[in-house]
Amino acid sequence: MAKTRILVIEDERDIQELVRYNLEREGYEVRGCLTGEDGLDAIRSFQPDLILLDLMLPGLDGKEICRMIKRDESTADIPIVMLTARGEESDIVAGLELGADDYVSKPFSPKVLTARVSAVLRRSRSGAAVGDESEKVISIHDLVIHPGRHEVLADGDPIVLSVTEFGILYFLAGRPGWVFTRRQILRGVHGENHPVLDRSIDVQIASLRSKLGAWGEMIETVRGVGYRFTE
């Protein structure tokens, strides 16, 4: 059975080697690149299942690399976990707006990093949060959400979503009429141990609504509480 491939685009050699060592211990096949330009070339040749992307890179920075990956149909589905130097909210939000699925702030615990990588890969494969409902296809009028295929069809047309956007849609649409706080949505999609950044949910729901077009109106804002998928 082929190993899961992870591409690490990180310009600090010590951090890159630390990440490589810990991920290889978990059984992943890992390739590292020091620049964004080399990373783009490696995506084509290595065909990674997940990308760990440092935002602060020489030359093409991580934000531009993320933008280019998500604009290309052949790479748009690859989940991206950002590595942020300062953990500043503005950096995290900027990366999420470009389509990244999660983030890990430096300095980080190798156990936390491997756990977050594993969680994003699990969501990528299942297309939904883990649990008894993980294989349930949701059909609401002409909107079909298929977790096994990680596929969303609106009026028969496919909609390309990031792993996290898909998880949010599946979480909300699976419980129409229920109101969830941002914290509950984060926990439902990412798991209990994920740090809370309320604005990350706002950013990803805004992107989700935009991609869904008219269907995006079914995700309602409940002022002072959170969000719900209309009944």
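Taking a point 7 Å out from the Cα of Ser45 in the direction of its Cβ, none of the residues of segment 55-76 has a backbone N less than 18 Å from it.
Panel order for Tyr170, Tyr103, by other beta carbons found within 10 Å of each beta carbon, from fewest to most: Tyr103, Tyr170. In summary, the lysines within cross-link reach of Lys106, defined as a Cα separation below 25 angstrom excluding same-chain residues under 8 places away, comprise Lys63, Lys70. Between Lys136 and Val222, the contour length at 0.36 nm per residue exceeds the Cα-Cα span by 28.3 nm.
Each residue of segment 96-102 is assigned a 3J(HN,Hα), and the resulting list reads 5, 4, 8, x, 5, 9, 7 Hz, derived from the Karplus form 6.51 cos²θ - 1.76 cosθ + 1.60 (θ = phi - 60°), x at Gly and Pro. When a/c is below 1.5 the answer is rounded, else prolate if a/b is larger than b/c, else oblate, so apply that to segment 1-70 with a ≥ b ≥ c taken from the square roots of the Cα gyration tensor eigenvalues. It is oblate, given that a/c is not under 1.5 and a/b is not larger than b/c. When each of His150, His141 is scored by the number of other beta-carbon atoms lying within 10 Å, the sequence from fewest to most is His141, His150. Think of each Lys and Arg Cβ as +1 and each Asp and Glu Cβ as -1; about the Cα centre, that makes the dipole of segment 138-229 roughly 380 debye. Listed by Cβ neighbour count within 10 Å, with the fewest neighbours leading, Arg223, Arg116 appear as Arg223, Arg116.
For the pair Lys111 and Arg149, a Förster radius of 22 Å applied to the C-beta separation gives a FRET efficiency near 0.10, rounded to the nearest 0.05.
Bear in mind these aren't lab numbers, they're just calculated from the coordinates by the rules spelled out. Source: prediction; values computed, not measured. Neighbour counts run over all protein chains shown; Cβ positions are idealised from the backbone, glycine included.
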